Amino acid sequence: MTPTDKIWHNGRFIAWDEAKIHVLSHVVSYGSSVFEGIRCYETQQGPAIFRLREHTRRLLDSARIYRIPVDYSIEQLIEAQVELVRLNGLRSCYVRPIVLRGYGGVGVLPSNNPTEVFLACWEWGKYLGDEALAEGVDVCISSWNRIAPNTLPALAKSGANYMNSQLIRMEAHHNGYAEGIALDSEGRISEGSGENVFVVRDGKIHTPPLGSSVLPGITRDTVITLAQELGLPIVETVIPREMLYIADEVFFTGTAAEVTPVRSIDRIQVGSGRRGPVTAKLQKAFFELVEGIAPDRHGWLTPVPAAVAAK
Ligand code: PPE
């Protein structure tokens with residue numbers, strides 16, 4: 001990762017190297033953080049942040065679920081993120097807002113632990129490898145389940161949830177797979193360690209509902225909307241594991257992963273073993289949208305004013 005000039009901290013911009021916390025901050029022992037991941041794309045009209053409002057809203061939702069007080073409004077955080085990208089002079093980047101419980105009292109019950117808000121950004125390339133978008137990735141079903149309902153809330157994007165994601169991702173990696181798909185506590189398909197999952201069979205697209213312990217992905221919502229606009233049948237429904245083995249197409253969605261085809265699951269080839277026609281259609285529509293080639297019908301692109309010094 002290449003450092004950028006500035007990181008926003010509690011209302012002001014500080015140098016990259018100054019963005020530090022005390023080791024006894026509540027978050028370090030107890031995982032008490034919520035965060036986001038947002039992409040800024042280089043479009044023909046200049047850099048634009050994709051679905052900034054929805055991501056910022058989910059950040060505040062996550063904080064609310066965990067009773068973490070945040071002193072900044074959605075408008076203030078949106079403005080600060082635009083300014084962050086502008087100041088750092090990046091054409092395209094990944095924005096990472098983090099809200100955490102800081103240094104103060106000790107013990108699980110947060111007491112005198114001030115909320116710290118950081119906004120950082122950096123250049124981030126393709127998540128599952130350069131060839132992944134065209135060729136697809138090889139994945140496995142994880143031996144780890146996704147977090148069960150009423151344990152760690154799946155609708156919150158909390159740092160703690162990513163301990164579960166780490167187990168899924170590391171196991172997949174050590175066994176030679178690009179990613180793992182976790183089942184929920186009922187044994188139904190949930191999601192990847194950092195992506196939502198879509199399954200296509202006989203032209204119909206399926207994705208697990210929010211009750212299957214999934215993160216309410218912004219890219220998931222984008223793809224559902226695009227499918228509806230393209231007239232492709234799409235349903236949110238509980239999906240059994242074996243549906244993956246007989247699918248015509250499977251793909252992942254996520255801010256980092258974008259729309260990535262899956263070409264095999266547990267070494268069983270998916271469909272023809274390469275990107276299928278439905279995935280290709282949605283991928284094309286997705287990239288045309290985020291890159292500002294298609295009209296921004298939903299107001300999903302927030303333009304970043306001209307950079308101070310383009311890098
Ligand atoms: N599920 C999980 C568990 C998840 O982490 C992500 C995003 C998604 C679904 C897709 O959500 P959305 O980005 O809103 O479409 N994972 C982030 C990467 C995590 C990482 O740091 O690595 C992301 O894609 O930014």
Yes/no for Pro261 being out of contact with any helix residue (DSSP H, G or I) (no Cβ under 7 Å at 6 or more places or on another chain) and either of a type outside the set (S, T, N, Q) or within 14 Å of the ligand (Cβ to nearest atom) (or both): no
Filter result for Val108 (open to solvent by 50 Å² or more (accessible area, probe 1.4 Å) and either more than 21 Å from His22 (Cα to Cα) or more than 16 Å from the ligand (Cβ to nearest atom) (or both)): yes
Restricting the stretch 211-252 to residues that are under 24 Å from Asp61 (Cα atoms) and open to solvent by 60 Å² or more (accessible area, probe 1.4 Å), the residue that is nearest to the ligand (Cβ to nearest atom): Asp221
Unmet requirement for Ile141, which otherwise passes all of (1) more than 24 Å from Phe13 (Cβ to Cβ); (2) in contact (Cβ under 8 Å) with a residue 12 or more places away in the chain; (3) open to solvent by 30 Å² or more (accessible area, probe 1.4 Å): (3)
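Out of all the residues in the stretch 202-210, is one or more more than 15 Å from the ligand (Cβ to nearest atom), of a type in the set (D, E, K, R) and open to solvent by 30 Å² or more (accessible area, probe 1.4 Å)?
Within the stretch 202-210, one or more residues are more than 15 Å from the ligand (Cβ to nearest atom), of a type in the set (D, E, K, R) and open to solvent by 30 Å² or more (accessible area, probe 1.4 Å).
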Set Glu75, Glu36, Glu83: member being at pLDDT 95 or above and closer than 30 Å to Val108 by Cα: Glu36
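When you look at Ala294, is it hydrophobic (A, V, I, L, M, F, W, C) and either open to solvent by less than 20 Å² (accessible area, probe 1.4 Å) or part of a loop (DSSP other than H, G, I, E, B) (or both), yes or no?
Spelling it out, Ala294 is indeed hydrophobic (A, V, I, L, M, F, W, C) and either open to solvent by less than 20 Å² (accessible area, probe 1.4 Å) or part of a loop (DSSP other than H, G, I, E, B) (or both).
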Single residue of the stretch 5-43 satisfying the filter (open to solvent by less than 20 Å² (accessible area, probe 1.4 Å) and aliphatic (A, V, I, L, M)) that is nearest to the ligand (Cβ to nearest atom): Ile38
Count of residues meeting criterion [out of contact with any Leu (no Cβ under 9 Å at 6 or more places or on another chain), within 11 Å of the ligand (Cβ to nearest atom) and not small (Gly, Ala, Ser)] in the stretch 144-167: 3
Residue ranges of strands (runs of 3 or more DSSP E) in the stretch 78-143 with at least 1 members closer than 23 Å to Val34 by Cα and in contact with a Leu (Cβ under 9 Å, 6 or more places away or on another chain): 93-101, 115-122
Residue in the stretch 102-111 that is touching a residue at least 40 places away in the same chain (Cβ under 8 Å), over 14 Å from His9 (Cα atoms) and in contact with a strand residue (DSSP E or B) (Cβ under 8 Å, 6 or more places away or on another chain) present: yes
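The values are calculated or read from the model by the stated rules, or taken from the named source; none is laboratory data. Just so we're clear, the structure is a prediction, and the values are computed from it rather than from any experiment. FYI the Cβ positions are ideal-geometry reconstructions off the backbone, even for glycines, and counts take in every protein chain you see. Just the protein is used for accessible areas: all its heavy atoms, side chains included, with ligands, DNA and RNA removed. Shrake-Rupley method; radii C 1.70, N 1.55, O 1.52, S 1.80 Å.
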